[in-house]
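Working notes, beginning with the structure itself.
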Amino acid sequence: MLTITIIGGTASGRNEQGYGLYEFLTTFPTLSKSQFIPYSELDALPNFTTDILILFCPSPIELTDLKKITYSTLYLAEYSDSPHPNPEFAQRFHGYFSGFLVTSRHKHTPSPFPLLLLPLRFNPLPKSVLGHIPTSLRPWDASFVGAATQYQGKYLQRCDWVKECRDTRSKLRLHTGLLDTPAIPLNKINFPNPTALRHPLLGPSFYRALMCLSKIALTPAGNDRWTYRQYEAIQCGCAIVSTDIRDIELLIPLPIERMIIVTDHDKVIPSIELALKTIHPHTDWIAQNRAEMSRYLLRNQYTATRPLPVHRFLAQLESPHRT
């Protein structure tokens with residue numbers, strides 16, 4: 001059985017860097033043997049052997065810190081919304097690692113080293129928000145509520161879409177707005193009168209419930225092209241009008257062929273209208289999307305009864321240069 005050792009980074013956030021991967025691997029205990037070691041505890045450990053060693057950044061760890069570990073293959077890793085691996089960390093271990101594990105990979109963006117895909121860290125969805133309301137009975141045609149995140153720090157697609165939806169004089173029933181958060185306050189973003197687009201959202205359960213009441217979920221770009229909203233929209237039974245994710249690869253692939261794609265700086269209203277027309281002759285699209293996602297997840301969670309994600313993950317580690 002393949003043995004995998006994960007040394008955690010020092011970042012705070014959803015959880016310590018690397019522990020989410022450890023939780024993912026231990027969900028499938030018969031397929032690999034894994035252990036998680038916080039960086040701060042590394043010095044106290046005796047010498048040990050592992051097949052795969054994965055170092056998460058950010059971390060002050062150096063190559064000399066690994067002298068007590070005998071390993072076959074070294075990978076670097078980072079859970080980040082950025083599409084670019086940490087360059088300083090990669091340089092620190094230049095010539096010693098076989099690939100960099102990231103959340104997403106851009107097909108046509110060159111990389112000096114192999115990029116492998118991490119499992120995303122999903123939040124569980126209760127049964128009450130799993131899209132049991134038939135499309136025809138949903139009161140909203142389309143919805144989006146979220147922070148005013150900028151794609152790669154410069155493109156405010158979320159702001160553009162919300163403003164267009166707010167300004168439209170069509171008969172569409174749209175529910176959109178931007179969150180005013182401490183991390184991204186609306187009065188600090190470079191957009192005309194952004195506070196006029198504010199939405200009084202109280203928590204994530206609201207926007208998930210909102211998606212379950214919407215025929216279409218709008219999924220503009222966040223920090224990267226993909227967002228968790230695309231996965232949640234599928235679970236909530238929505239058709240999807242999405243930012244252009246055709247260049248994005250993820251460990252759990254999104255059904256791009258059954259989405260309406262909006263290219264950068266194009267209007268979103270025509271795509272909403274197209275999606276509404278598409279829903280009626282292709283109501284099976286929504287069912288197909290959910291059936292495809294159920295091959296990987298159960299109520300938006302990894303489970304031992306659906307091992308396809310871990311098979312895809314481990315296959316990369318066995319042949320990183322073919323990814």
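For this structure, a couple of remarks:
- Any hit, segment 192-203, residues being touching a strand residue (DSSP E or B) at 6+ places or on another chain (Cβ under 9 Å), of a type in the set (A, V, I, L, M, F, W, C) and over 23 Å from Y79 (Cα atoms): yes
- Just so you know, in segment 158-174 the residues that are among the charged types (D, E, K, R) and either crowded, with 19+ Cβ neighbours inside 10 Å or touching a residue at least 12 places away in the same chain (Cβ under 8 Å) (or both) include one that is farthest from I269 (Cα to Cα), and it is R158.
- Condition check for R158: in a helix (DSSP H, G or I) and within 18 Å of the chain's Cα centre (by Cα): yes
- Selection over segment 202-238 of residues that are over 22 Å from L178 (Cβ atoms) and not in a helix (DSSP H, G or I) gives a count of 1.
- Segment 38-85 - residue that is in a helix (DSSP H, G or I) and out of contact with any Asp or Glu (no Cβ under 9 Å at 6 or more places or on another chain) and, of those, farthest from G20 (Cα to Cα): T64
- Looking across segment 86-97 at every residue that is in a loop (DSSP other than H, G, I, E, B) and free of Cβ contacts under 8 Å to residues at least 12 places away in the same chain, the one that is farthest from the chain's Cα centre (by Cα) is identified as G95.
Listed here are the residues, each with its yes/no results for (1) of a type in the set (V, I, T); (2) at pLDDT below 90.
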site	(1), (2)
G153	no, yes
R158	no, no
E164	no, no
R173	no, no
T176	yes, no
T181	yes, yes
N187	no, no
F191	no, no
L197	no, no
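- Of the residues making up segment 204-224, those that are touching a strand residue (DSSP E or B) at 6+ places or on another chain (Cβ under 7 Å) and under 22 Å from T278 (Cα atoms) are L210, M211, L213, S214, K215, I216, A217, L218, T219, P220.
- Selection from segment 1-34 of residues that are modelled with pLDDT under 95, farther than 15 Å from A304 by Cα and over 23 Å from the mean Cα position of the chain (by Cα): M1, L2
- Residue among R246, R299, R208 that is surrounded by fewer than 17 Cβ atoms within 10 Å (Cβ to Cβ), within 20 Å of H132 (Cα to Cα) and either modelled with pLDDT under 95 or not assigned by TED's automatic domain parsing to the domain that holds E23 (or both): R299
- Residue within segment 138-153 that is charged (D, E, K, R) and over 24 Å from I61 (Cβ atoms) present: yes
- Of all residues in segment 52-70, those satisfying the criterion of being of a type outside the set (G, A, S) and buried (at least 16 other Cβ atoms within 10 Å of the Cβ) are I52, L53, I54, L55, F56, C57, I61, L66, I69.
- Among residues of segment 30-42 that are small (G, A, S), those with a Cβ under 6 angstrom from a residue that is in a strand (DSSP E or B), sequence gap 6+ or separate chain, pair up as S32/I4; S34/I4.
- Against the test of being closer than 30 Å to R299 by Cβ and not assigned by TED's automatic domain parsing to the domain that holds T263, the options R158, R173, R105, R138 yield a single qualifying residue, R105.
- Scoring I279 on the criteria (1) touching a strand residue (DSSP E or B) at 6+ places or on another chain (Cβ under 7 Å); (2) modelled with pLDDT of 90 or more; (3) surrounded by fewer than 23 Cβ atoms within 10 Å (Cβ to Cβ) leaves a single failure, condition (2).
- Scanning segment 213-223 for residues that are surrounded by 22 or more Cβ atoms within 10 Å (Cβ to Cβ) and of a type outside the set (A, V, I, L, M) yields S214, K215, T219, P220.
- Considering residues of segment 134-155 that are touching a helix residue (DSSP H, G or I) at 6+ places or on another chain (Cβ under 7 Å), outside any loop (DSSP other than H, G, I, E, B) and polar (S, T, N, Q) only, the residue surrounded by the fewest Cβ atoms within 10 Å (Cβ to Cβ): T135
The values are calculated or read from the model by the stated rules, or taken from the named source; none is laboratory data. Computed from a prediction, not measured in an experiment: that's the story for all the values here. All Cβ positions, glycine included, derive from the backbone under ideal geometry; neighbour counts span all protein chains shown.
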